[in-house]
1. At q = 0.05, 0.06, 0.11 Å⁻¹, what base-10 log of I(q)/I(0) does the Debye formula yield for the protein assembly as shown when every alpha carbon is treated as an equal point scatterer in vacuo?
2. Along the positive direction of the dipole of the protein assembly as shown (beta-carbon charges: Lys, Arg +1; Asp, Glu -1; about the Cα centre), which of B:Ala56, A:Ile114, B:Val77 reaches farthest?
3. Name the shape class, rounded, prolate or oblate, that the alpha-carbon gyration tensor gives for segment B:308-368, where a ≥ b ≥ c are the square roots of its eigenvalues, rounded holds for a/c under 1.5, and otherwise prolate holds if a/b is larger than b/c and oblate otherwise.
4. Ordering B:Ile306, B:Ile455 by how much accessible area each has at a 1.4 Å probe, largest first, what is the list?
5. Determine the percent antiparallel among the DSSP beta bridges restricted to chain B, to the nearest 5.
6. Is segment B:348-505 rounded, prolate or oblate when judged by the Cα gyration tensor, a ≥ b ≥ c being the square roots of its eigenvalues, rounded requiring a/c under 1.5 and prolate requiring a/b larger than b/c?
7. Using the charge dipole of segment B:285-420 (Lys, Arg: +1 at Cβ; Asp, Glu: -1 at Cβ; taken about the Cα centre), state which of B:Ile331, B:Val315, B:His343 has its Cα farthest towards the positive end.
8. Can you give the charge dipole size of the protein assembly as shown about its Cα centre, rounded to the nearest 20 debye, using +1 on the beta carbon of Lys and Arg and -1 on the beta carbon of Asp and Glu?
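The values are calculated or read from the model by the stated rules, or taken from the named source; none is laboratory data. Model, not experiment: these values are computed from the prediction. Methodologically, a virtual Cβ is constructed for each residue, glycine included, from the backbone with ideal geometry; neighbour enumeration extends over all protein chains shown. Ligands, DNA and RNA are stripped out before the accessible areas are found, and what is left, the full protein with its side chains, is counted by its heavy atoms. Shrake-Rupley method; radii C 1.70, N 1.55, O 1.52, S 1.80 Å.
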Amino acid sequence: GILYQIRIFSKNQDKMLKKGIGQLIKAHQRCASLPNSVLFAVPHRTFGMGAATELENIEQFNKLTSSERPTILVFSAEWCGACKELKPFLQKKVEEHEGKVNLLMVDADKFEDIAIQYDVTSLPTTVVMHKGKELDKMIGRTHEDRTERLIQNALNLVQALQLVLNRNINQ
Amino acid sequence: KKQTLGCNTSKHKDSSLVTKMETNEYTYDLFVIGGGSGGLACAKEAAELGKKVGLADYVKPTIHGTKWSLGGTCVNVGCIPKKLMHFSAVCGEITKDQKECGWNIPELEHNWETMVKNVNRHIRVLNWGYKVQLRSKQVKYYNGKATMIDAHTLEISNINGVEGKNETVTAAKIVVAVGGRPTYPDIPGAELGITSDDLFWKQNAPGKTLVVGASYVALECAGFLQALGYDTTLMVRSIFLRGFDQDMANRVGTYMENHKLKIIKQHIPLKVEKTMDEKLKVTFGPTSDPNSEVKEETFDTVLFAIGRYAVTKDVGLEKIGIKLSETNYKIQVNDEEQTVVPHIYAIGDCIQGKLELTPVAIKAGRLLSRRLFGGKTEKMNYENIPTTVFTPLEYGSCGLSEEKCEEKYGKENLDVWHTHFKPLEWNMFQEHEDDACYVKVICTKADQKVVGFHITGPNAADITQGIAIAMNCGLTKEKLDATVGIHPTIAEEVCGLNETKAMNPLAKKTGC
């Protein structure tokens, strides 16, 4: 038989979901017309919230930074060399914790007001947000360990908050 | 009208009581119009002295749509990109020397797109840096066009490029630092040409280029374009570098001519037309009688560098009583950079009669803020300002040109010490000229004080900076002779001058 792998990359998450479903339906139909074929849907590591999203508007910003899932904001710019180094590195880290963290790239020139709001003076500046609150901040392109700790701390804190919440609910 | 407490406030101008009264009325203690070299320096200094400062910076896009961010001419369309491109050209030239030094370098090709992309990237880093600096020093930055409504009120419009987004502010003191922009000639089709504003952001290679002008901008641009490998022609109306020492200006021009730059002397463009295949056909004629001998030539790019004008016309200055010069709209100021309106000042390229240089604007801006808000009295000294023309053969100077020295002191009262020289490194490549590099030190006969310094050669700028410092300390020929040279360098030539023009009108030098 022939194995088809469906991979969908999209900056826009809603579009991605729609495309994903569309592709699945198409593949199913194709499969139905081929004798002795089976459809496997293989979740790929980059499928989902792992890939870095480029900020497009304020609404998107507010939605992601106030979400249940922690969001890692990376203030960057097209002229910033260190940002170009940090992005794939963070992406890899975020994929390793697939589905648990959002990664949002914010162009500091385009969204100057947001950069000023977060007191960003040098690039890249990485800020971890959860439900509208700033959990952590990292300035510059730093060591592997520091980046791993950034994500781990965020996840630990979210987990702890969830535990407290559950405890409160159960009481 | 201000209400006073029954005392004569003009007599108590300097008392803090009156200052407090005055500034409580205004949004800002100081408002700076223009975020270039001068404006930024002035604003930051005032903020550091504890004042409430606002600054508006606005860039009107060029005819071709080029625009840029905070930092002014120097950062965006002047010194910074110019020097980087000049450096690129110099590097290309130096590699020619290296075959004889043992490097196996193939025929080099220059990629314009790569250079522009990286130059622009660096400029954006600087734009960002200035924005952060203003924020950290608590200067309120408006990305908008500031216009005077009345003597103390400004309207800032088009904020962040949003039509209709305006704000009105008032200020106790105002500094106009709007700078200048390149002039277009008044000929049909001029708008098809570009200026230096566009050149440094031009995304694709300029190809066969015509540079019109004889200013340092024209010579520098034509110089690096030619050295980078583009078929370049320079069209000059009359003399090179008006206002500069003419002997030195001609040396710079001759060097470029000897290095494949085509120079059409004593001619002016008459019109520019677009051809069928998107090129530019330029019609030109002799300066003395343009229509007597009309010629045509086609180019990919036409660059006008014929002069600059101050961007003071729509700032609302005239209606509050500040006159602008007829020719280039510059503002007249006294020796404290004050206009005819006592609380309004002007610095930088937009003022009359001063050198259009970044360090001049910066220093004047800082000293102005210190006088206005820091209780200091030091005025800007516009004498002995060193400068360098970054043509392929660099030309550095400090003090007066030989013409101005003769005018001021009389030819018979001057000693002009001079020599040709050849940098040691130029001996590795046989095609370097023996007489391109030249230095002259003009002294007054009486006390041998150095009143003019001029040098053509590699790294002229760095050499000139040191001499400028010495001239500010009252440099004399004796001191130059008493200083031991560093060997082997170009700069040491200055310490070994032993012939004047009178002794030897033309001096040559080879070897140690």
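1. Debye output, listed in q order: -0.35, -0.49, -1.24.
2. Ranked along the dipole, the leading option is A:Ile114.
3. Values: a/c = 2.03, a/b = 1.26, b/c = 1.62.
Oblate.
4. Values: B:Ile306 80, B:Ile455 0 Å².
Result, largest first: B:Ile306, B:Ile455.
5. Working: 50 of 80 bridges.
Of those bridges, close to 60 percent are antiparallel.
6. Values: a/c = 2.07, a/b = 1.54, b/c = 1.35.
Prolate.
7. B:His343
8. 2580
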